[in-house]
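Shown next, in structure tokens, is the structure this report addresses.
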Amino acid sequence: MTKDVVVTIAGFQTLDDDDNAVEMVHIGEYYEKNGTHYIFFEERMDGMSEPVKNRMKIKEGYLGVQKRGPVSVDMVFETGKSQSSTYAIPFGSFLIETHTKKVKVTETKDRMEVTAEYEMEINGVYCAKSEIKVMIEEKERFRL
């Protein structure tokens, strides 16, 4: 895969038969080192003057998400494991606990798809059954 990529992130949440979905598309950079894939991109958020810098670390059964800037968090989704992290935003912070059921990585020469299925608690309260899908594709394939 080339260095310049398009990163599409789709998130799905289900709570009490109520489904919510969100999708974001970013231009980013891709690197691979020792069998681990790294994705870097900046995210502009409403009401924030500086961007949030994102790093994703991907390998089979594992998705790590790190955000730095006005929003800060280190989240790890690893098949069969739970993880706690503090999600900090300009207005305060809260504790997130993820219970990951499965992380699946599918890759070809010019694209990669990562799916993480998990349940989430916020400040100790069950929040939702969730899924995140990350699609990384060579930028050359798109007309932006």
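The values are calculated or read from the model by the stated rules, or taken from the named source; none is laboratory data. Since we're looking at a predicted model, the values are computed, not measured. No Cβ is skipped: glycine too gets one built from the backbone with ideal geometry, and neighbour counts run over all protein chains shown. Ligands, DNA and RNA are excluded from the accessible area calculation, which covers all protein heavy atoms including side chains. Shrake-Rupley method; radii C 1.70, N 1.55, O 1.52, S 1.80 Å.
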**Study point:** Additional length obtainable on full extension of the chain from Ile122 to Lys139, 0.36 nm per residue less Cα span
**Key:** 2.6 nm
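Over the range 52-144, what is the relative contact order in percent, taking alpha-carbon pairs closer than 8 angstrom and at least six residues apart?
This gives 19 percent for the range 52-144.
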Practice item. Would you be so kind as to identify which of Val25, Ile136, Gly80 lies farthest towards the positive end of the dipole of the chain, taking Lys and Arg as +1 and Asp and Glu as -1 on Cβ and the Cα centre as origin? Key: Ile136
Revision key, fill the gap. Highest GNM mean-square fluctuation among Glu117, Glu23, Glu42, for the chain with Cα springs under 10 Å, belongs to Glu23
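First compute the accessible area of the chain with a 1.4 Å probe, then give the percent of it belonging to carbon and sulfur atoms.
Carbon with sulfur: 47 percent of the solvent-accessible area.
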Practice item. Give me the distance in nm between label points sitting 7 Å out from Cα along the Cα-to-Cβ direction at Asp17 and Lys104, one decimal. Key: 2.7
Revision key, fill the gap. Toy charge model, Lys and Arg Cβ at +1, Asp and Glu Cβ at -1: the chain dipole around Cα centroid in debye, rounded to 20, equals 600
Review point. How many Å² of accessible area per residue for the range 1-52, probe 1.4 Å?
Key: 66
